[in-house]
Amino acid sequence: MLAVELHPQSRFSPLAALGRRQGVPSGQVGRDAYEVAQRYALGEQTREQMLESLTTWPYEPSRGVQAGEWDLAPASEPAGSFEATVGRALDDGSLTGEDYDAVLNALANRAGPESWT
């Protein structure tokens, strides 16, 4: 059986070190949602801390998907949007699919059915 490492720390350590040097705003566990996911991948936060941070983060609005644009890359979204931060963290392995789904479900539950239209 092939062993797969979900969170290769060597890839994230330099980025987390940069974040530590730049400082984190008071009351937050990362400078942005992507850094929160990186710190979780490094084991600096529990899953509960990561989920609490990512489900209460003030994301920038997404520009939305226009007809025929289903292949958008996160880079085309605003830097602080959910897609550009949490989506990027999923793509690079900082978050698992299970983590990503838990964040999405929590956000959907907080927003309520009236926001689904």
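Quick look at the values:
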| item | result |
| --- | --- |
| Out of Arg39, Arg47, Arg11, sole residue that is of a type outside the set (S, T, N, Q), modelled with pLDDT of 60 or more, surrounded by fewer than 16 Cβ atoms within 10 Å (Cβ to Cβ) and closer than 20 Å to Asp91 by Cβ | Arg47 |
| Segment 39-64 residues that are at negative phi and outside any loop (DSSP other than H, G, I, E, B), paired with ones that are loosely packed, with under 14 Cβ neighbours inside 10 Å and β-branched (Val, Ile, Thr) (beta carbon under 9 Å, 6 or more apart) | Tyr40/Thr46 |
| Boolean, Gly93 is modelled with pLDDT of 95 or more and either more than 15 Å from Leu54 (Cα to Cα) or in contact with a helix residue (DSSP H, G or I) (Cβ under 9 Å, 6 or more places away or on another chain) (or both) | yes |
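The values are calculated or read from the model by the stated rules, or taken from the named source; none is laboratory data. Please read all numbers here as calculations on a predicted model, not as lab measurements. Please note: Cβ atoms are built from the backbone with ideal geometry, for glycine as well, and neighbour counts cover all protein chains shown.
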